[in-house]
Amino acid sequence: MSMLGTKWKLHGTGKAIKPGQVVAPDERLAWPLTIGVGMQHVVAMFGATFLVPIITGMPPATTLLFSGIGTLLFLVITRGKVPSYLGSSFAFIAPITASQAQFGVAGALGGVVVAGAALALVGAIVQKFGSGWINRLMPPIVTGAIVALIGLNLAPAAKDNFDKAPITAVITLATIILVSVLFRGILGRLSILVGVVVGYLVAMLRGEVSYEKMDAAAWVGLPQFQTPEFHIGVLGLFVPVVLVLVAENIGHVKSVAAMTGQNLDGVSGRALMADGAATVLAGFGGGSGTTTYAENIGVMAATKVYSTAAYWVAGMFAILLSFSPKFGELIATVPAGVLGGAATMLYGMIGILGVKIWVQNKVNFANPVNLTTAAVALIIGIADYTWTIGDLTFTGIALGSAAALVIYHGMKAIAKARGTAAEPEMEPAPLPPAAKAAANAAAKRARKR
């Protein structure tokens, strides 16, 4: 593979994948099939990537442009070893919304740039020293709490949009729920996108959609660009996002490594640096922050095609679509009721992802350190506690994230010093079936005696 990762070997005949085989990152199928898979990746990322700018009021076409550019940049920096699409990160919704109220769109973009730069710096450190220190700084109890509070902090925003058109919102939400269980494969994975489309059609029938801006827009033209402004007041809003992006990115790289059977530890730092660089670029041009997308990992799991060639196709197609102002304005016509229904599901999913981190890592809540860390951080985040020091305002996400880190490490240090840590941090792994059967048999023999 070349330094850019753009020299792919043909997988077999290029026309089929044998059972038990996968198309590796440095391989490709025949170009017509590769283009088809790449288009599928665009469909997979489409709904989530567009929801972020629609909810935050950012230009959808600009966000799409920088997601495409960011994906190509990611492939170059990782030298084609990590197949991934960089779409809009939901973790940026709350800080962008909050910072816009104080500093406008330009101020929010400044926060995006700062977050991206911090992420790239973390990536450089990981590439140099490994990721073990991240796991020690942010164990599962802390990471799960931060992810959960970011999603649940957005609940009032979902309700506000829901209340503007409750009927449309209910239909949108119901469609998302039903599609996720009625259909298998890619359609089931795109339940949010399908729900938005159905909700949009309902909104049209109810006269809730305006096409004035779309009618005035040209078919071909440049996306809307805007430069950032930098305010110290946004730091408390955007720094916690970096912690989420680090955990998300490393998790996705590990998932791809497990599915392809390759060791990608050597490029995990590059993946973080690439994600950070793409976010910086987006912030300087008027787009939203990016992250590696689980939706596209799902497509790879379903198709068994991990070829980075498909992601080059996806990135270039996204860039091409972004140069249609009329298309961008069409996306921006999505009304409040549809957003309210989709956001009710979406924000809740972000919150539950935090819980999923706890479950997957068997976090033991009988341990008072874990229990207190999660309890305090979640309440601070959900209630959106605020602390103002001069020009700096720290809101629920920043304070909740800080509380999770301080409480966990502080309580752990005190418990260790006092010797009061009686419960393990993780639940013990279950015994293998054979060992469990042997233990049960031994217990029965002991009772007979």
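The values are calculated or read from the model by the stated rules, or taken from the named source; none is laboratory data. Predicted, not measured: the structure shown is a model, and the values here were computed from it. Neighbour counts are summed over all protein chains in view; Cβ atoms, including those assigned to glycine, are modelled from backbone coordinates with ideal geometry. For the accessible areas, the whole protein counts, side chains as well, though only heavy atoms, and no ligand, DNA or RNA atoms are used. Shrake-Rupley method; radii C 1.70, N 1.55, O 1.52, S 1.80 Å.
Check the range 305-316 and report whether any residue there is surrounded by fewer than 18 Cβ atoms within 10 Å (Cβ to Cβ) and under 24 Å from LEU65 (Cβ atoms). Break it down into steps so the answer makes sense when it comes.
In the first step, residues of the range 305-316 are kept if they are surrounded by fewer than 18 Cβ atoms within 10 Å (Cβ to Cβ); the result is 316.
Then keep just the ones that are under 24 Å from LEU65 (Cβ atoms); that gives 316.
The answer is yes, given that some residue of the range 305-316 is surrounded by fewer than 18 Cβ atoms within 10 Å (Cβ to Cβ) and under 24 Å from LEU65 (Cβ atoms).
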Open item on the list: Please return the ranges of helices (runs of 4 or more DSSP H) entirely within the range 100-172 where 3 or more residues are open to solvent by 10 Å² or more (accessible area, probe 1.4 Å) and among the charged types (D, E, K, R).
Closed with: 155-164
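Might you let me know whether the range 299-306 holds any residue that is in contact (Cβ under 8 Å) with a residue 24 or more places away in the chain, closer than 23 Å to ILE125 by Cβ and among the charged types (D, E, K, R)?
The initial filter retains those residues of the range 299-306 that are in contact (Cβ under 8 Å) with a residue 24 or more places away in the chain, namely 299-306.
Among the residues that remain, those that are also closer than 23 Å to ILE125 by Cβ are: none.
Taking every residue of the range 299-306 in turn, none turns out to be in contact (Cβ under 8 Å) with a residue 24 or more places away in the chain, closer than 23 Å to ILE125 by Cβ and among the charged types (D, E, K, R).
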TODO: Quick one: which helices (runs of 4 or more DSSP H) lie wholly within the range 323-399 and hold at least 2 residues that are touching a Ser or Thr at 6+ places or on another chain (Cβ under 6 Å) and closer than 29 Å to VAL194 by Cα?
DONE: 336-360
TODO: Hey, could you check the range 32-42 for residues that are within 29 Å of the chain's Cα centre (by Cα) and without any contact (Cβ under 8 Å) to a residue 40 or more places away in the chain and say which is surrounded by the most Cβ atoms within 10 Å (Cβ to Cβ)?
DONE: LEU33
TODO: Consider PRO53 carefully, then state whether it is assigned to a helix (DSSP H, G or I) and either under 24 Å from GLY351 (Cα atoms) or modelled with pLDDT of 85 or more (or both).
DONE: yes
- [ ] For VAL241, state whether it is modelled with pLDDT of 80 or more, crowded, with 22+ Cβ neighbours inside 10 Å and of a type outside the set (Gly, Ala, Ser).
- [x] yes
Open item on the list: Could you list, ordered by first residue, the pairs with Cβ atoms under 8 Å in which the first is in the range 365-387 and more than 24 Å from ILE414 (Cβ to Cβ) and the second is surrounded by fewer than 19 Cβ atoms within 10 Å (Cβ to Cβ) and at pLDDT below 95, at least 6 apart or interchain?
Closed with: ILE382/ALA155; ASP384/PRO156; THR386/THR393
Open item on the list: Within the range 62-84, does at least one residue satisfy the condition of being outside any helix (DSSP H, G or I), of a type outside the set (Gly, Ala, Ser), modelled with pLDDT of 85 or more and under 14 Å from the mean Cα position of the chain (by Cα)?
Closed with: no
Open item on the list: What's the number of the only condition in (1) aliphatic (A, V, I, L, M); (2) touching a Leu at 6+ places or on another chain (Cβ under 9 Å); (3) crowded, with 24+ Cβ neighbours inside 10 Å that ILE17 fails to meet?
Closed with: (3)
Open item on the list: If a residue must be in contact with a Leu (Cβ under 8 Å, 6 or more places away or on another chain) and of a type outside the set (A, V, I, L, M, F, W, C), how many such residues does the range 256-288 contain?
Closed with: 7
Task: Residue count for the range 1-14, restricted to those that are surrounded by 13 or more Cβ atoms within 10 Å (Cβ to Cβ) and of a type in the set (Val, Ile, Thr) - done: 1
- [ ] Name, by its number, the condition in (1) under 24 Å from MET349 (Cα atoms); (2) open to solvent by 10 Å² or more (accessible area, probe 1.4 Å); (3) over 19 Å from the mean Cα position of the chain (by Cα) that does not hold for THR97.
- [x] (3)
